[in-house]
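Here's the structure we're looking at; comments come further down.
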Amino acid sequence: MNTPTITSLALLTPGNFAGGDPYTGLEETLQLFEYGERLGFNGAWIRQRHLEHGVGSAAVFLAAAGQRTERVELGTAVIPIGYESPFRLAEDLALADVLSQGRLQVGFSTGMPHAELLGDLVYDGDWRSFDLSYGRIARLVDNLRGDYLGGPDTVIQSPGNTQRPRLQPHNPGLVERIWNGGGSLRSVRWAALTVSTCCPATSCPARTPTTSPPPS
């Protein structure tokens, strides 16, 4: 019988801070990422939470962590997709990944924690009718692929430059490092339809989540 071996080890933290002193807690979390890298950890992951004493924007935090580390993978576990614009978040993640030289591992979950408090602050209109689940993750991943917008002759002008419009920075490699955090069998089944491997517990790498979820 083969003995299981650990081939990769990562740390996960919520990035907590004191309500009256957020800087100290966030700086200590960045130092934890640096320390984990020095110890030889393969990854350092942050949780994203809203309305709590923790990191409210994983993309912003990991952009900072990317400047404080050189080797360790930088992950999110997880970003609740319900509050996010599939295009704007894709821009932020692509930029953070380029700044870290391709080290991001981005995990998503469906839904909207604290929706009764935040839904009307995030969205105009009846957000209860929006797709805040699997389809929203699929839209973000499609944006990361960087297809050109408009027709083949569509261009935009900027100072000193004429170019075809698409999400920038164009960083298609990030699509291969998108994960789905599954808290139900339905989520696991959806991930299993769209990935080559599926991790236990709450994370499954979702490389191309473009199919609809299976029936409950």
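The values are calculated or read from the model by the stated rules, or taken from the named source; none is laboratory data. What you see is a predicted model; the values in this text were computed from it and never measured. Quick reminder, even Gly has a Cβ in these numbers, built from the backbone with ideal geometry, and neighbours come from all protein chains shown. Ligands, DNA and RNA are excluded from the accessible area calculation, which covers all protein heavy atoms including side chains. Shrake-Rupley method; radii C 1.70, N 1.55, O 1.52, S 1.80 Å.
Just to be sure before I move on: is residue 132 at pLDDT 95 or above and either closer than 20 Å to residue 78 by Cα or surrounded by 16 or more Cβ atoms within 10 Å (Cβ to Cβ) (or both) in the structure I sent? Break it down stepwise before answering.
Details: at pLDDT 95 or above: no; either closer than 20 Å to residue 78 by Cα or surrounded by 16 or more Cβ atoms within 10 Å (Cβ to Cβ) (or both): yes.
In short, no.
Within the set of pairs 6 or more residues apart or between chains, which connect a residue that is free of Cβ contacts under 8 Å to residues at least 40 places away in the same chain and buried (at least 16 other Cβ atoms within 10 Å of the Cβ) inside the range 100-123 to a residue that is of a type in the set (D, E, K, R) and not in a loop (DSSP other than H, G, I, E, B) with Cβ atoms less than 6 Å apart?
Pairs that qualify, where the first residue is free of Cβ contacts under 8 Å to residues at least 40 places away in the same chain and buried (at least 16 other Cβ atoms within 10 Å of the Cβ) and the partner is of a type in the set (D, E, K, R) and not in a loop (DSSP other than H, G, I, E, B), are 103/73.
Of all the residues that make up the range 128-145, how many are in contact with a Gly (Cβ under 8 Å, 6 or more places away or on another chain) and under 17 Å from residue 107 (Cα atoms)? Please lay out each step first, then the result.
Residues of the range 128-145 that are in contact with a Gly (Cβ under 8 Å, 6 or more places away or on another chain), as a first pass: 128, 132-133, 136.
Cutting the leftovers down to under 17 Å from residue 107 (Cα atoms) gives us 132-133, 136.
Looking only at that region, the number is 3.
When you check residue 39 against the structure, is it surrounded by fewer than 17 Cβ atoms within 10 Å (Cβ to Cβ), more than 15 Å from the chain's Cα centre (by Cα) and touching a residue at least 60 places away in the same chain (Cβ under 8 Å), yes or no? Walk me through how you get there before you give the answer.
Numbers: surrounded by fewer than 17 Cβ atoms within 10 Å (Cβ to Cβ): yes; more than 15 Å from the chain's Cα centre (by Cα): yes; touching a residue at least 60 places away in the same chain (Cβ under 8 Å): no.
No, not satisfied.
Quick check: anything in the range 170-178 open to solvent by 70 Å² or more (accessible area, probe 1.4 Å) and among the β-branched types (Val, Ile, Thr)?
We begin by selecting, within the range 170-178, every residue open to solvent by 70 Å² or more (accessible area, probe 1.4 Å); these are 176.
Cutting the leftovers down to among the β-branched types (Val, Ile, Thr) gives us none.
Scanning the range 170-178, I find no residue that is open to solvent by 70 Å² or more (accessible area, probe 1.4 Å) and among the β-branched types (Val, Ile, Thr), so the answer is no.
For residue 97, are the conditions met, namely being assigned to a helix (DSSP H, G or I), open to solvent by less than 20 Å² (accessible area, probe 1.4 Å) and within 30 Å of residue 131 (Cβ to Cβ)?
On the way: assigned to a helix (DSSP H, G or I): yes; open to solvent by less than 20 Å² (accessible area, probe 1.4 Å): yes; within 30 Å of residue 131 (Cβ to Cβ): yes.
Spelling it out, residue 97 is indeed assigned to a helix (DSSP H, G or I), open to solvent by less than 20 Å² (accessible area, probe 1.4 Å) and within 30 Å of residue 131 (Cβ to Cβ).
Residues in the range 166-216 that are part of a helix (DSSP H, G or I), modelled with pLDDT under 85, closer than 23 Å to residue 47 by Cα and among the β-branched types (Val, Ile, Thr): how many?
Of the residues in that region, 1 qualify.
Tally time: how many residues in the range 12-37 are out of contact with any Lys or Arg (no Cβ under 9 Å at 6 or more places or on another chain) and either farther than 12 Å from residue 65 by Cβ or of a type outside the set (A, V, I, L, M) (or both)?
Taking the range 12-37 first, the residues out of contact with any Lys or Arg (no Cβ under 9 Å at 6 or more places or on another chain) are 16-29, 32, 35-36.
This time we only want the ones that are either farther than 12 Å from residue 65 by Cβ or of a type outside the set (A, V, I, L, M) (or both), so: 16-25, 27-29, 35-36.
Adding up the residues that qualify gives 15.
Scan the range 104-112 and give yes if some residue there is under 10 Å from the mean Cα position of the chain (by Cα), over 19 Å from residue 135 (Cα atoms) and modelled with pLDDT of 95 or more, otherwise no. Walk me through it before giving the result.
Pass one, the range 104-112, residues under 10 Å from the mean Cα position of the chain (by Cα): 104-109.
This time we only want the ones that are over 19 Å from residue 135 (Cα atoms), so: 104-105.
From what is left, the residues that are modelled with pLDDT of 95 or more are 104-105.
Yes, the range 104-112 has at least one match.
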